[in-house]
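Chemist: Could you have a look at this structure, given as structure tokens, before my questions?
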Amino acid sequence: MNNCETGMKDAIMKAQEDGQQGLAQQTVSGALPSPMVALARRARLASRTLAQSPSSARDKALWAAAAAVREARSAILAANAKDLEASTAGAAFRDRLTLTPERVEAMAAGLEEMADLPDPVGRVLEEWTRPNGLRFRRVATPVGVIGVIYESRPNVGADAAGLCIKSGNAVLLRGGSESLHSARAIHAAIQAGLRAADLPEDAVLIAPDGDRAHVAEMLGAAGLVDLLIPRGGRSLVDRVQKEARVPVLAHADGLCHTYVHSAADPAMARRIVLNAKMRRVGICGATETLLIDAAIAPSLLPQIVGDLAEFGCTFHADAEARAIMPDLPVATEQDFSTEWLDAVLNIAVVDGVDEALDHIQKYSSSHTEAIVTSDEAVATRFLNGTDSAVVMWNASTQFCDGGEFGFGAEIGIATGRFHARGPVGVEQLTTFRYEVIGTGQVRT
């Protein structure tokens, strides 16, 4: 370990200790009602400074944070090793929890990519002049304080912090107990970036521990937290959406479909389906159901199944698919409604694009759907026929990722109908205000 890494490790440990002592003092004194409310109040104050800071300062913080993440790589990986040692979860969960040198570098590179993005704050979204001479402008502004509740994936903390800094928002992070050591180490590096840019460290705060009570405190923090974003399993997201007194931006499941149309190039279809399912099985953009046209299924389906089986994939198939491959296990209604997040694929044979769309309408979680075809008219019918947040043509569903969209990173995938849909990047973390400029007009 070099001197920079040693110094950063010491800084991380000191920041963690200081933060815990400060919270303990606040709670004992009775000055503030709970740790998370105390943190939210601090974030609220910091958000005012951050919202008014120049883009150059926020970009400087991101560049410095990226450098701090790289300097702290050994400390971050050591912290992650503690989390992994304590984990008893299965392979898919451990994959989400695991940090590698490459993933640490990806976090740093993502922060730099965010710094290079145009400033989303202060953009004039629209402007017009009324007959009375009044000029109107709709201008992008930060949301305020964003609460992010996430499980298992420690890199979410870096992505969320970077996106919030870039968009002028303070952020309150609550990571899961399973990733607590990793989250603290990453958080300390982010705060080092804020200090380097003379921005308030309280712009990025993290829960002191994995206590589940902190979630309830965040859900009830109306007036202190402006927007909640949960990143985790269905039980977490359902709870947040049910109990929150704060607006929520979320998706419950990533039940994604890939439809191989009869006019698909076979080699392309095999390549896309293999990647969409098996590149990383534990992410929300992984394909969970393959739909394939009856006209090509007898020749192409055995090849696709063989490709995936070589990588350890198992299957659940409908009656039409099993008529072609009798050894495939039977798919139940529940299977088609399940987000596996594992090396498991549902298979259904359909008769054309409309039947594929009907299947998607019935089972989809409105996350991401893809079609593989060389027929532009069919592709257009598919793209226009699904209301999912992201629809793809001749591409893997695993491209549903903020970094791949050019956002630098994402804070989550939104599948609702309001404010934002799909990967949530810096522009989606702004709201707007109206500015009205007059020359002395009064209303009659």
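Chemist: If residue 158 satisfies all but one of (1) buried (at least 24 other Cβ atoms within 10 Å of the Cβ); (2) over 17 Å from the mean Cα position of the chain (by Cα); (3) closer than 27 Å to residue 278 by Cα, what's the number of the condition it fails?
Modeler: Looking at each condition in turn, residue 158 falls short on (2).
Chemist: Within the range 247-300, how many residues turn out to be in contact with a Leu (Cβ under 6 Å, 6 or more places away or on another chain) and among the basic types (Lys, Arg)?
Modeler: 1
Chemist: In addition: Residue 49 fails exactly one of the following numbered conditions: (1) at pLDDT 50 or above; (2) touching a helix residue (DSSP H, G or I) at 6+ places or on another chain (Cβ under 6 Å). What is the number of that condition?
Modeler: Result: residue 49 fails condition (2) only.
Chemist: Residue 270 - would you say it is basic (Lys, Arg), over 30 Å from residue 425 (Cβ atoms) and free of Cβ contacts under 8 Å to residues at least 12 places away in the same chain?
Modeler: No.
Chemist: With the requirement that a residue be at pLDDT 90 or above and either among the charged types (D, E, K, R) or in contact with an Asp or Glu (Cβ under 6 Å, 6 or more places away or on another chain) (or both), what does the range 388-429 give you?
Modeler: The answer is 388, 391, 427.
Chemist: Got a sec? Which of 112, 127, 105 is buried (at least 16 other Cβ atoms within 10 Å of the Cβ) and of a type in the set (D, E, K, R)?
Modeler: 112
Chemist: Is the range 160-175 home to any residue that is in a loop (DSSP other than H, G, I, E, B), of a type outside the set (Phe, Trp, Tyr), farther than 22 Å from residue 71 by Cα and at pLDDT below 95?
Modeler: Checked the range 160-175: at least one residue is in a loop (DSSP other than H, G, I, E, B), of a type outside the set (Phe, Trp, Tyr), farther than 22 Å from residue 71 by Cα and at pLDDT below 95.
Chemist: Still on this structure, I have one more. Could you grab me the full set of residues in the range 212-223 that are surrounded by fewer than 19 Cβ atoms within 10 Å (Cβ to Cβ) and within 22 Å of the chain's Cα centre (by Cα)?
Modeler: Of everything in the range 212-223, those that are surrounded by fewer than 19 Cβ atoms within 10 Å (Cβ to Cβ) and within 22 Å of the chain's Cα centre (by Cα) turn out to be 212, 216.
Chemist: Would you check which residues across the range 305-341 are over 14 Å from residue 292 (Cβ atoms), charged (D, E, K, R) and not in a helix (DSSP H, G or I) and list them?
Modeler: Correct list: 310, 327, 339.
Chemist: Is it the case that some residue within the range 315-337 is within 26 Å of the chain's Cα centre (by Cα) and touching a residue at least 40 places away in the same chain (Cβ under 8 Å)?
Modeler: Checked the range 315-337: at least one residue is within 26 Å of the chain's Cα centre (by Cα) and touching a residue at least 40 places away in the same chain (Cβ under 8 Å).
Chemist: While we're on this one: Any idea how many residues of the range 247-280 are over 16 Å from the mean Cα position of the chain (by Cα) and either farther than 30 Å from residue 374 by Cβ or assigned to a loop (DSSP other than H, G, I, E, B) (or both)?
Modeler: 7
Chemist: Name the residue, out of 209, 226, that is of a type in the set (Asp, Glu), surrounded by fewer than 21 Cβ atoms within 10 Å (Cβ to Cβ) and over 21 Å from the mean Cα position of the chain (by Cα).
Modeler: 209
Chemist: Keeping to the range 228-246, report how many residues are part of a strand (DSSP E or B) and out of contact with any Leu (no Cβ under 6 Å at 6 or more places or on another chain).
Modeler: 2
Chemist: Which residues, counting only those in the range 311-354, are out of contact with any Leu (no Cβ under 8 Å at 6 or more places or on another chain), charged (D, E, K, R) and surrounded by 16 or more Cβ atoms within 10 Å (Cβ to Cβ)?
Modeler: The answer is 318, 320, 335, 342.
Chemist: OK, next. Among residues belonging to the range 396-444 that are among the polar types (S, T, N, Q) and assigned by TED's automatic domain parsing to the domain that holds residue 368, point out the one that is farthest from residue 165 (Cα to Cα).
Modeler: 396
Chemist: Let me ask you something else. Which pairs turn up if I take residues in the range 236-247 that are in contact (Cβ under 8 Å) with a residue 40 or more places away in the chain and look for partners that are in a helix (DSSP H, G or I) and surrounded by 14 or more Cβ atoms within 10 Å (Cβ to Cβ) with beta carbon separation below 7 Å, at least 6 apart in sequence or on another chain?
Modeler: Correct list of pairs: 240/219; 246/219.
Chemist: If the requirement is being in the same structural domain as residue 377 (by TED's automatic domain parsing) and under 21 Å from residue 362 (Cβ atoms), which of these qualifies: 309, 263, 276, 267?
Modeler: 276
Chemist: Looking at (1) modelled with pLDDT under 90; (2) under 24 Å from residue 404 (Cβ atoms), can you tell me which one residue 13 breaks?
Modeler: (2)
Chemist: Exactly one condition in (1) of a type outside the set (Asp, Glu); (2) part of a helix (DSSP H, G or I); (3) surrounded by fewer than 24 Cβ atoms within 10 Å (Cβ to Cβ) is false for residue 184; which is it?
Modeler: All conditions pass for residue 184, except number (3).
Chemist: If you don't mind, there's one more thing I want to ask. Can you tell me which of 110, 144, 122 is within 18 Å of the chain's Cα centre (by Cα) and not acidic (Asp, Glu)?
Modeler: The unique qualifying residue is 110.
Chemist: Suppose we keep only residues that are charged (D, E, K, R) and in a loop (DSSP other than H, G, I, E, B) within the range 405-427. Which one would you say is nearest to residue 173 (Cα to Cα)?
Modeler: That would be 410.
Chemist: Please tell me if residue 32 is at pLDDT 95 or above and more than 17 Å from residue 190 (Cα to Cα).
Modeler: So residue 32 does not fit the description; no.
The values are calculated or read from the model by the stated rules, or taken from the named source; none is laboratory data. Because the structure is a prediction, the values reported are computed rather than measured. Positions of Cβ are generated from backbone atoms using ideal geometry, with glycine treated the same way; all protein chains shown enter the neighbour counts.
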